[in-house]
Every structure is written in structure tokens, then in C-alpha cells.
Amino acid sequence: MSFEDWIFSIHLLFAATLVGGLVMSWIVVVALRSVDRADETLGLNRVAGVGAVCIALGLLGTIAIGLWVAVLRTEFHPWDGWVIGAIVLWVVATAAVLQSFVEYRKSGAKARQLVASHAPGPNTELVALNRTTTGLLLRALASAAVVLIVIDMIYKPGA
């Protein structure tokens, strides 16, 4: 196996980490929609933290190693249309998922506030924060952008 093949394998590993983190985050997002208690929200937020780390590592690794692959491989160039398209989609995915993290952190902060005030029972404001439409739409946008990146990477339109 050549050095280029190893770098490409690492790129794929980061891509799998990104997709796995997104899947984990979707499980948490769906589970949060039925949670109305602070302790349950905090428990799911701990799981979401693992997914967020996987997403962040995946995003950073895929862009860094992906550009390296585009430079190393003689048949690819960083200015190829499909590479530029992937970079644009990566920026969209990154911006959307980071903003969705901000939206979902609000429910964690409210849950900590409720626990600190010894009111961990059902709370309508916490339910609304757990069911954030903005966070859901941003996560969906990020996920759609990642799916489009994968399609772009497989088919390499214009290459």
C-alpha cells in the first residue's frame, strides 16, 4: 500500500467518524423530543457530547486530509469542480451543525438550572427547548450536506 493510499484511508476513517457522529446525534435529537425532565435531558446531553466530539473530529479530519489527498494524487486537483463543491458543502455542514449545537445546548443549560433549583420534574420550557425546530432544521441541513458530500466523493462529477 502506498503512502497516498494510507492518507486516503485516514480520510475515509474521518468521514466514517463524521457520519457515525451524525447518526449518534440524530438518535439523541429524536430521544430528546420525548423528554420532559431535567435529569433525562442531562443524561442525553452527555451522550450528545460524544457525538459532538465525533462530528468535530470528522469535520476537521475530512477537510484537512481530503485537501491533502487532492494535492497528493496526480489525477485530482484542489481546484477541480467536484472538490470545490465538496468544500462548499463542508462549509455549509460545519456552519449548520455548529449552530445546531448552540440550539441544543440551551436545553442542557435549562436542565442544569432546573436541577440546581431542585425542580427536576416535568417542565414545559424544557420540553420546548428539547423540541427546538431551529436545531432540528439545522441538523437536517448539516446531514443533507454531508450526504451530498458523500455522493460528490463517490461520483466525482466532472472528473
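Selection of region 110-131 for residues being surrounded by 13 or more Cβ atoms within 10 Å (Cβ to Cβ) and either in a helix (DSSP H, G or I) or of a type in the set (A, V, I, L, M, F, W, C) (or both) yields K110, A111, R112, Q113, L114, V115, L126, V127, A128, L129, N130.
Residues that are within 16 Å of the chain's Cα centre (by Cα) and either outside any loop (DSSP other than H, G, I, E, B) or aromatic (F, W, Y) (or both) are absent from region 31-39.
Filtered by the rule that a residue be part of a helix (DSSP H, G or I) and among the charged types (D, E, K, R), region 40-76 gives E40, R46. Whenever a residue of region 51-79 is farther than 17 Å from R139 by Cα, its partners that are loosely packed, with under 14 Cβ neighbours inside 10 Å and among the charged types (D, E, K, R), lying with C-beta atoms within less than 8 angstrom and at least six residues away or across chains, give the pairs V69/E4; L72/E4; R73/E4. Within region 80-94, the set of residues being in contact (Cβ under 8 Å) with a residue 24 or more places away in the chain and part of a helix (DSSP H, G or I) comprises G81, W82, G85, A86, I87, L89, W90, V92, A93, T94. Annotation: of all residues in region 34-86 being β-branched (V, I, T) and surrounded by fewer than 16 Cβ atoms within 10 Å (Cβ to Cβ), the one that is farthest from S9 (Cα to Cα) is V47. Can we say T134 is surrounded by fewer than 18 Cβ atoms within 10 Å (Cβ to Cβ) and hydroxyl-bearing (S, T, Y)? Yes, satisfied.
Only the coordinates and a few stated rules stand behind these numbers; no lab work does. Keep in mind the model is a prediction, meaning the values are calculated, not measured. For neighbour counting, all protein chains shown are included, and Cβ atoms are generated from backbone atoms with ideal geometry for every residue, glycine included.
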